[in-house]
Amino acid sequence: MKIHPKIKPLRDTIINTRRDFHKHPELSFQEFRTSKIVANKLESFGIKTKRNVGKTGVVGILKGQSNGPIIALRADMDALPIQETNNFSYKSINEGIMHACGHDAHTAMLLGAAEALSKMKKQIKGEVRFIFQPAEEGFGGARYMIKDGALENVDEIYGMHVWNYQKSGTVGVQSGPVMAAADIFTIEITGIGGHGAAPQGTVDSIVVASYLIQSLQTIVSRNTNPLESTVVTVGQINGGYNFNIIADKVTLKGTTRSYTKNNQLLIKKRMKDIINGAEKMYNAKIKLKYKDGYPSLINDNTATANVQNAAKKIVANNVIKPYLTMGGEDFSYYTNKVPGCFFFLGTSPKERPPMSTPQHCSHFDIDEESMLIGSSIFVELACK
C-alpha cells in the first residue's frame, strides 16, 4: 500500500474530522452543522466555496494552473434515523440519529483530498469541483445539487462508498451496472368484511393479499432473465382487526430492484397484470401505487479505467471486482448526465469478523485507516 505523500500528513486530521461528524450526525436536508464545517474548511484551504447548494449542500471549486477538464468529486453528508449501540468516545450524541452508512467518512475523505489538492495547483489540469451533497438516504439530494448547477460543465464525476462487505485495503471497481434501480410500491386491497364464522358473501382481503405476495415472486422466478439480477420484496403487511373478523382492507408495501430499464419496466407491467387478474378472480378492488426511485447506477468504461489506474497506484493488486448488492444510490443521477464511476472502498474493521458490521446496522463502524486510501484515490483522479 502506498498512501499519497500529500495525504499521509493529514491522517489524524481526516480521522478526527470523521469522528466529529460521526458524533454529530444530521438527517437528510438537516446537515446544517456539517455543511457549515465543510464550507469553512474549504474556504480555509483557499478554495472558492458555494453554500446552500441543493438546500444544504456545498460546492468547492479549485482551478489548476493549466487548461483541462472539469473533474467532480462527490461525497454525501447525511445520516440515518438509527439509535447507535456503539460505546466508543465519538458515539452519536444525537438521539435516534447515526452515521450507519459511512457518509461521515465520505465527507472526511473528500475534505482531506481537498486540503491536499489545494497545495497542488500545478499538478491540476483544468478544474476540480468538490460536491458535498445532502440527502442521499431516500431523498435524492443529487437531483437538488444538479438543479442548482453543481454539475454545470463537468466532464467527469467520481464517487465512492465505504464498504464493509470488502476487506480493508481493497478497492472494488467495475464498469457497467453497480447499483440497482430502487423503486417503491404500495398495494391497497379493498374487499368486503364480515364475521369469521360466516365467510360467504365476503371478499377476504387477507386471502387476496396472500395470493398477491406469492404471485409477485413469480416475476423474478419466471418472467425475468435469471442471468439478470432482479428483486421483488413485500416488506410490510397491514390489515385485519381481530381473530374472528374477515378483513375488508389490507395494505402491502415493498420494493423492486433491477439493473436494466427493460427489467424495471417488465416488473412494473407484470405487477399490473397480476393485480388486474386478482381483481377479477376475487372480485376485490386493488390499487397499485408505484414510485420510481433512484435509477440504476451505470459506470462509464473510460471513467472506470481511470479509477482502476488511480487505485492501483495506492493498493497495487488489491483492486478487485466489488461485492455488489441490489442497493440504490442517487449518484446515478450524476452518471445519467455525465460520464462517471462509483467505486467501493473496503473498510471492514480488521478486529471484527467479516460481514459483522454491515451498512445500516446500529453497531456500524469502519477501519479508519482505509480512509487514507480513499483520499489518495481522489487526489490521483484529480491530477490524472
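Kindly indicate whether any position in the range 42-58 is closer than 22 Å to VAL162 by Cα, in the same structural domain as PHE139 (by TED's automatic domain parsing) and among the charged types (D, E, K, R).
Checked against the condition, which is being closer than 22 Å to VAL162 by Cα, in the same structural domain as PHE139 (by TED's automatic domain parsing) and among the charged types (D, E, K, R), the range 42-58 yields no hits at all.
Of the residues that make up the range 340-361, is at least one part of a loop (DSSP other than H, G, I, E, B), buried (at least 21 other Cβ atoms within 10 Å of the Cβ), assigned by TED's automatic domain parsing to the domain that holds THR302 and of a type in the set (Phe, Trp, Tyr)?
Within the range 340-361, none of the residues are part of a loop (DSSP other than H, G, I, E, B), buried (at least 21 other Cβ atoms within 10 Å of the Cβ), assigned by TED's automatic domain parsing to the domain that holds THR302 and of a type in the set (Phe, Trp, Tyr).
Is the range 133-142 home to any residue that is surrounded by fewer than 24 Cβ atoms within 10 Å (Cβ to Cβ) and outside any loop (DSSP other than H, G, I, E, B)?
no
Quick one: would you say PHE29 is of a type outside the set (Ser, Thr, Tyr) and closer than 21 Å to MET371 by Cα?
Spelling it out, it is not the case that PHE29 is of a type outside the set (Ser, Thr, Tyr) and closer than 21 Å to MET371 by Cα.
Can you confirm whether the range 164-180 contains a residue that is touching a residue at least 60 places away in the same chain (Cβ under 8 Å), more than 30 Å from VAL315 (Cα to Cα) and surrounded by 21 or more Cβ atoms within 10 Å (Cβ to Cβ)?
Taking every residue of the range 164-180 in turn, none turns out to be touching a residue at least 60 places away in the same chain (Cβ under 8 Å), more than 30 Å from VAL315 (Cα to Cα) and surrounded by 21 or more Cβ atoms within 10 Å (Cβ to Cβ).
Given the conditions (1) within 21 Å of LEU62 (Cα to Cα); (2) touching a strand residue (DSSP E or B) at 6+ places or on another chain (Cβ under 6 Å); (3) not in a loop (DSSP other than H, G, I, E, B), which single one is not true for ALA310?
Condition (2) is where ALA310 drops out.
Restrict the check to the range 143-158 and report whether at least one residue is under 18 Å from PHE32 (Cβ atoms) and outside any loop (DSSP other than H, G, I, E, B).
Checked the range 143-158: at least one residue is under 18 Å from PHE32 (Cβ atoms) and outside any loop (DSSP other than H, G, I, E, B).
Can you spot a residue in the range 49-56 that is of a type outside the set (Lys, Arg), within 30 Å of CYS383 (Cα to Cα), touching a Lys or Arg at 6+ places or on another chain (Cβ under 9 Å) and part of a loop (DSSP other than H, G, I, E, B)?
yes
Sort through ALA316, ALA310, ALA247, ALA284 and tell me the only one that's within 30 Å of TYR158 (Cβ to Cβ), of a type in the set (Gly, Ala, Ser) and either surrounded by fewer than 17 Cβ atoms within 10 Å (Cβ to Cβ) or not assigned by TED's automatic domain parsing to the domain that holds PHE331 (or both).
Result of the check over ALA316, ALA310, ALA247, ALA284: ALA316.
From GLY201, GLY196, which residue is without any contact (Cβ under 8 Å) to a residue 40 or more places away in the chain, touching a strand residue (DSSP E or B) at 6+ places or on another chain (Cβ under 8 Å), assigned by TED's automatic domain parsing to the domain that holds ALA278 and not aromatic (Phe, Trp, Tyr)?
When all the criteria are applied, what remains is GLY201.
Considering only residues that are more than 12 Å from ILE237 (Cα to Cα) and aliphatic (A, V, I, L, M), look in the range 196-206 and name the one that is surrounded by the fewest Cβ atoms within 10 Å (Cβ to Cβ).
Applying the filter and picking the extreme gives ALA197.
Just to check your reading of the model, which residue among ILE187, ILE219 is in contact with a Leu (Cβ under 7 Å, 6 or more places away or on another chain), crowded, with 16+ Cβ neighbours inside 10 Å and closer than 16 Å to ARG270 by Cα?
Only one candidate qualifies: ILE187.
Go through (1) more than 28 Å from TYR333 (Cβ to Cβ); (2) in contact (Cβ under 8 Å) with a residue 60 or more places away in the chain; (3) buried (at least 20 other Cβ atoms within 10 Å of the Cβ) and name the single condition ALA209 misses.
Tallying (1) more than 28 Å from TYR333 (Cβ to Cβ); (2) in contact (Cβ under 8 Å) with a residue 60 or more places away in the chain; (3) buried (at least 20 other Cβ atoms within 10 Å of the Cβ), ALA209 fails exactly one: (2).
Among the acidic types (Asp, Glu), part of a loop (DSSP other than H, G, I, E, B) and over 15 Å from the mean Cα position of the chain (by Cα) - does that describe any residue in the range 98-115?
no
For (1) out of contact with any His (no Cβ under 8 Å at 6 or more places or on another chain); (2) modelled with pLDDT of 95 or more; (3) over 19 Å from MET145 (Cβ atoms), each residue gets a yes or a no:
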| residue | (1), (2), (3) |
| --- | --- |
| ASN40 | yes, yes, yes |
| SER44 | yes, yes, yes |
| VAL53 | yes, yes, no |
| GLY57 | yes, yes, no |
| ILE82 | no, yes, yes |
| ALA100 | no, yes, yes |
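The values are calculated or read from the model by the stated rules, or taken from the named source; none is laboratory data. Predicted, not measured: the structure shown is a model, and the values here were computed from it. All Cβ positions, glycine included, derive from the backbone under ideal geometry; neighbour counts span all protein chains shown.
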